[in-house]
Amino acid sequence: MDQTDVRGLLFRGAITVSAAFGDDDEEIPAARALARSFLTDLQAVHGFPVSGRVMGMVQLVVSELVTNTRKYAPGPCLVTLEVQHGAVEVSVWDSSTTLPAVLAQGPARIGRHGLEIVMAVSKSFQVQREPVGKRITAAIVLADDPDGDVAGHKL
């Protein structure tokens, strides 16, 4: 994100970034790189606290959600990262109308734990039908403070 983009984001009062990704597996690391760049700018340019935990969790959530779109939804996906109420909201839109399902646990089940992981590390998780497809949004708290207080920049 160049300086012109950052000034535009500040002027509108939002700190957000979006990118569309194609339908091949090479897009998954590109989506993680988008998240890493967004969080680096969030800290360096805007003064928000971004711990190693937050950096890892946001990239994990982006990776799991984009991986699901690659497996279960045809076509491109749109990833949006936005700071809202002391958390980074990760939204992934895809073209499939099929809502995700968390499978029952069992000792014979191998893999397909992505949504469970996302839900476990997120402050909130929601699935929303769109006019075309669906949007999955998960929020990861920026604060590492056990009381939930955001250190640094206040929203």
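Every read-out reported here was derived from the displayed coordinates using simple, explicitly stated rules and does not represent laboratory data. Because the structure is predicted, anything quoted here is derived from the model rather than measured. Heads up, the Cβs are rebuilt from the backbone with ideal geometry, glycines too, and the neighbour counts pull from every protein chain shown.
Assorted remarks:
- Relative contact order for region 27-141: 25 percent, from Cα pairs under 8 Å spaced at least 6 residues apart, divided by residue count.
- Inter-label distance for residue 104 and residue 119, nm, one decimal - labels placed 7 Å from Cα along Cα-to-Cβ: 1.5 nm
- Packing-based ranking, highest mean first, of 25-38, 93-106 given that Cβ atoms within 10 Å are counted: 25-38, 93-106
- Sites matching trypsin sites (Lys or Arg not before Pro) across region 51-113 that sit in DSSP coil, with at most 13 neighbouring C-beta atoms within 10 Å: 109, 112
- Applied to region 127-132, the Karplus parametrisation 6.51 cos²θ - 1.76 cosθ + 1.60 on θ = phi - 60° returns per-residue 3J(HN,Hα) values of 10, 10, 6, 10, x, 10 Hz, with x for Gly and Pro.
- Normalised Debye scattering of region 27-141 at q = 0.13, 0.19 Å⁻¹ gives log10 I(q)/I(0) of -0.49, -0.99, counting only Cα atoms as equal scatterers and leaving out solvent.
- Derived scalar couplings between HN and Hα for region 47-52 equal x, 7, x, 9, 7, x Hz in order, rounded to whole Hz, by the Karplus curve 6.51 cos²θ - 1.76 cosθ + 1.60 (θ = phi - 60°), x for Gly and Pro.
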